[in-house]
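To start, the structure under review is shown below, and the notes come after it.
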Amino acid sequence: MPIPTRLTYGLLLLGLPLAGGLGVPLGWKLSMMITSIYDAFILIVMFWDYGRNRPRRVALTPIDPGKLSVGRQNTITIVAQTGDYPAHIRLRDGYPVGWEVTPEPVTAQLPPATLEDLRYTLRPEKRGEFPWQRLTVWQLTPWGLAWDHWRVGTPRPVAVYPDLLSLRELSIRLTLEGSGTLRRQRQLPGGTEFTELREYRSGDDPRLVDWKATARRGRPLVRVLEPEQEQTVLILLDRGRLMTGRIQGLTRFDWGLNAALALALAVLHRGDRVGLVVFDRQVSLWLPAQRGNHYLNHLTERSARLQPVLQEPDYVGMMQTVTRQQTRRTLVVMLTEVIDTTASSELMGALGRLPPRHLPLCVTLRDPLVTQHAQDFSTHPADAYRRAVALDLLHQRQVVLTQIQRQGVLVVDAPAHQVSTPLVEAYLRLKARGRL
């Protein structure tokens, strides 16, 4: 059925003054009859205009978005093709209610005989599988009297995964760093495996000069050393009560899972073995350490639908299991959150069991809003109280992290939405220095 436009409603409303003007000389009954005939004529013309548009409908092909990334602006593409006539259309896709969409709705003025990609972005804030309904289309009829309305496609489910877009960006960066001139950044004295000889360049470490090869060739040569491969990294992701808190629309667990997969990508890219464990009171997921770039897909698929729970995690039990299972030296990365010494006492005791046999790294996901409140200066009592609370929280947090470091545990404390980058960089530094 056609949907009348504002132009049609305006033309219909013109019948009211027409009836008033004819009411006195012709009588009210005759004037109302003339007005009814006028309105009927407008409606008939509208339906005729609507019928003319049916063969002029734009051909629309929604492109399957595939796997969407949680918390990111995902680009959705719809291919529009016009025939011999121009078209003015509005689109609303069948995405779940409540998702942030820009622009909303999608509008376009298309010239005749055109093939054009129409794009919009959406930001899902929860992982999982969601129903995706059909695409709804409105096209303005040739005379602008109605909107031709129809639907395209079939309902289908859509999967929202961890931040795959960031993983793709990280993969490109790691590939660039491992090739060309950027590869020199990894040729540090901490490497343990000899790979090749090359000519000395300005800035190279003199300790890497191979004097025997230099004497034979008659020009200075240096040894290229790279970190040992096939070492083990085990990522422990807490999904307990503190990980249910939301930061910038996502739970701490979502940010932690994004960081865990980013670290797994870096580990696999460097030729090491990586495993992933998700736990609360018990182990929810245990994926043993393996190597190979294909393993990242397995880690992503198995962990994508896990959600945080309102339970206190069993840190001690988790560490007991780790020390039993991991017989060789392992970089154990714990992704969690801390509050104060009382609430974090079990975590501190559990992490202290790992050194010196294993190398523990505790990663905490800070709320940037607390830091912002601590830096806000105001004379208003409510703002001053909020700042005092924020400062106390940050102080208690720092006390916990300091005590953890005194036990020989490495610490990465960063805002939850930015934690992936410092975590990957910390791993690369440990790798370059041969600490694994």
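Here is a yes/no grid of residues against (1) in contact (Cβ under 8 Å) with a residue 24 or more places away in the chain; (2) part of a loop (DSSP other than H, G, I, E, B); (3) closer than 21 Å to residue 128 by Cα; (4) open to solvent by 20 Å² or more (accessible area, probe 1.4 Å):
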{"site": "261", "(1), (2), (3), (4)": "yes, no, yes, no"}
{"site": "298", "(1), (2), (3), (4)": "no, no, yes, yes"}
{"site": "310", "(1), (2), (3), (4)": "yes, yes, yes, yes"}
{"site": "313", "(1), (2), (3), (4)": "yes, yes, no, no"}
{"site": "322", "(1), (2), (3), (4)": "yes, no, no, no"}
Out of (1) in a strand (DSSP E or B); (2) at pLDDT below 90; (3) under 18 Å from the mean Cα position of the chain (by Cα), what's the single condition that is false for residue 198?
(3)
Quick one: count up the residues across the stretch 422-435 that are surrounded by fewer than 17 Cβ atoms within 10 Å (Cβ to Cβ) and within 25 Å of residue 315 (Cα to Cα).
2
Of (1) modelled with pLDDT of 95 or more; (2) surrounded by fewer than 22 Cβ atoms within 10 Å (Cβ to Cβ); (3) of a type outside the set (Gly, Ala, Ser), residue 269 fails just (1)
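Can residue 338 be described as closer than 15 Å to residue 411 by Cα, open to solvent by less than 10 Å² (accessible area, probe 1.4 Å), among the hydrophobic types (A, V, I, L, M, F, W, C) and assigned to a loop (DSSP other than H, G, I, E, B)? Break it down stepwise before answering.
Working: closer than 15 Å to residue 411 by Cα: yes; open to solvent by less than 10 Å² (accessible area, probe 1.4 Å): yes; among the hydrophobic types (A, V, I, L, M, F, W, C): yes; assigned to a loop (DSSP other than H, G, I, E, B): yes.
Judged against the criteria, residue 338 is a match.
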Evaluate the stretch 342-361: report whether one residue or more is of a type outside the set (A, V, I, L, M), touching a Leu at 6+ places or on another chain (Cβ under 6 Å), open to solvent by 40 Å² or more (accessible area, probe 1.4 Å) and free of Cβ contacts under 8 Å to residues at least 40 places away in the same chain.
no
Can you work out which of the residues in the stretch 89-110 that are open to solvent by 60 Å² or more (accessible area, probe 1.4 Å) and assigned to a loop (DSSP other than H, G, I, E, B) is nearest to residue 125 (Cα to Cα)?
98
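In the stretch 61-88, what count of residues is obtained for those that are assigned to a strand (DSSP E or B) and farther than 25 Å from residue 129 by Cα?
Keep residues of the stretch 61-88 that are assigned to a strand (DSSP E or B), which gives 61-62, 68-69, 74-81, 87-88.
Narrowing the set further to residues that are farther than 25 Å from residue 129 by Cα leaves 80-81, 87-88.
Qualifying residue count, the stretch 61-88: 4.
A quick yes/no check of all residues on (1) out of contact with any strand residue (DSSP E or B) (no Cβ under 6 Å at 6 or more places or on another chain); (2) assigned to a helix (DSSP H, G or I); (3) surrounded by 17 or more Cβ atoms within 10 Å (Cβ to Cβ); (4) aliphatic (A, V, I, L, M):
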residue: 372; (1), (2), (3), (4): yes, yes, no, no
residue: 378; (1), (2), (3), (4): yes, no, no, no
residue: 384; (1), (2), (3), (4): yes, yes, no, yes
residue: 390; (1), (2), (3), (4): yes, yes, yes, yes
residue: 395; (1), (2), (3), (4): yes, yes, no, no
residue: 402; (1), (2), (3), (4): yes, yes, no, no
residue: 411; (1), (2), (3), (4): no, no, yes, yes
residue: 414; (1), (2), (3), (4): yes, no, yes, yes
residue: 417; (1), (2), (3), (4): yes, yes, yes, no
Yes or no: residue 123 in contact (Cβ under 8 Å) with a residue 40 or more places away in the chain, touching a Lys or Arg at 6+ places or on another chain (Cβ under 6 Å) and surrounded by 12 or more Cβ atoms within 10 Å (Cβ to Cβ)?
no
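Would you mind stating whether residue 365 is at pLDDT 90 or above, open to solvent by less than 50 Å² (accessible area, probe 1.4 Å) and assigned to a loop (DSSP other than H, G, I, E, B)?
no
Residue-by-condition table, conditions (1) touching a Gly at 6+ places or on another chain (Cβ under 6 Å); (2) small (Gly, Ala, Ser); (3) assigned to a loop (DSSP other than H, G, I, E, B):
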| residue | (1), (2), (3) |
| --- | --- |
| 112 | no, no, yes |
| 122 | no, no, no |
| 138 | no, no, no |
| 154 | no, no, yes |
| 171 | no, yes, no |
| 176 | no, no, no |
Give me the pairs, please: first residue somewhere in the stretch 149-176 and polar (S, T, N, Q), second residue anywhere and open to solvent by less than 40 Å² (accessible area, probe 1.4 Å) and not in a loop (DSSP other than H, G, I, E, B), beta-carbon distance under 7 Å, and either six or more positions apart or on two chains.
166/258; 166/262; 166/420; 171/265
Among (1) buried (at least 16 other Cβ atoms within 10 Å of the Cβ); (2) of a type outside the set (Asp, Glu); (3) out of contact with any helix residue (DSSP H, G or I) (no Cβ under 7 Å at 6 or more places or on another chain); (4) part of a helix (DSSP H, G or I), there is one condition residue 147 misses while meeting the rest; what is its number?
(4)
Matching residues, the stretch 419-436, being among the charged types (D, E, K, R) and either assigned to a helix (DSSP H, G or I) or under 17 Å from the mean Cα position of the chain (by Cα) (or both)
425, 429, 431
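The values are calculated or read from the model by the stated rules, or taken from the named source; none is laboratory data. Worth saying up front: this structure is predicted, and the values here are computed from it rather than measured. Every residue, glycine among them, receives a Cβ derived from its backbone with ideal geometry; neighbour counts consider all protein chains shown. Note: accessible area is taken over every heavy atom of the protein model, side chains too, but ligands, DNA and RNA are not part of it. Shrake-Rupley method; radii C 1.70, N 1.55, O 1.52, S 1.80 Å.
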